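Report on the structure given below.
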Amino acid sequence: LGGFASNGSTGRWAIARYGPRGVLDKTWGKDGRVTVDLSPSDESIRDLLFIPGGKLVGVGYAENGLIPRFAVAQFRPKGTLDPDFGDGVHAGWVQVPAPQGASGYAVAADPQGRVLVGSFESEQDTTYVVVRRFLPSGALDATFGSSGHVTVTQSPAENTRMRLAL
């Protein structure tokens, strides 16, 4: 279960992992919960996916200067950020180069275990659906689409739900 935890003024990425009986999995994170601070202001998870090797990928946003920025994070099987995944600036997560206000909305993995992330992005009066593919390191996969992403124009810009299926 992912979303955000708030202290009343800022939000942080928050994840809770439950076992088959609906009880928090005390072997994951701290008593079944993980909270990570990716930015000095608000942030939230929009989707989660377990990938091969027991790792968990979260997508959503982390604000930078009060502007939401698209973020992807990878967690190890015990709930800690994976230091092998990152953008060279952040260990365990990447801030995706996307227009201001963009956020990851959906995550999927292809049969080879490569992570795909879908987002809604706007420039001027046009909204786009963008799918990006990431390498295990957290870098964009330049062999996918155009420099790691595929863009489709969407109209009207009213939809806020997305699901990737492979």
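At-a-glance table
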read-out	value
Per residue Cα convex hull volume in Å³ - calculated over the stretch 29-77	71 Å³
Surface/4 estimate of mean projected area, convex hull on alpha-carbon atoms of the stretch 67-152, nm²	6.1 nm²
Rh by Kirkwood over Cα pairs, then Stokes-Einstein D for the stretch 57-101 at 1.567 mPa s and 4 °C, µm²/s	120 µm²/s
Dipole of the stretch 25-160, positive end: most advanced residue of 62, 28, 129 [Cβ charges, Cα centre]	28
Computed magnitude of the charge dipole of the chain (debye, nearest 20; Cβ of K, R +1, Cβ of D, E -1)	720 debye
Most fluctuating residue given options 93, 13, 28, as computed from a GNM of the chain linking Cα atoms under 10 Å	28
Percentage relative contact order, the chain, counting C-alpha pairs under 8 Å, at least six apart	14 percent
Those trypsin sites (Lys or Arg not before Pro) in the stretch 1-35 that DSSP places in a loop and that have at most 16 other beta carbons within 10 Å	21, 26
Relative pair counts by distance (%), Cα atoms of the chain, 10 Å bins	11, 40, 36, 12, 1
Whole-percent carbon and sulfur share, accessible surface of the stretch 24-91, 1.4 Å	53 percent
Positive minus negative residues near residue 144 (Lys, Arg vs Asp, Glu; Cβ under 9 Å)	+2
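The values are calculated or read from the model by the stated rules, or taken from the named source; none is laboratory data. Here the structure is a predicted model, which is why all the values come from computation and not from measurement. Quick reminder, even Gly has a Cβ in these numbers, built from the backbone with ideal geometry, and neighbours come from all protein chains shown. In case anyone asks, the SASA skips ligands and DNA or RNA and just uses the protein heavy atoms, side chains included. Shrake-Rupley method; radii C 1.70, N 1.55, O 1.52, S 1.80 Å.
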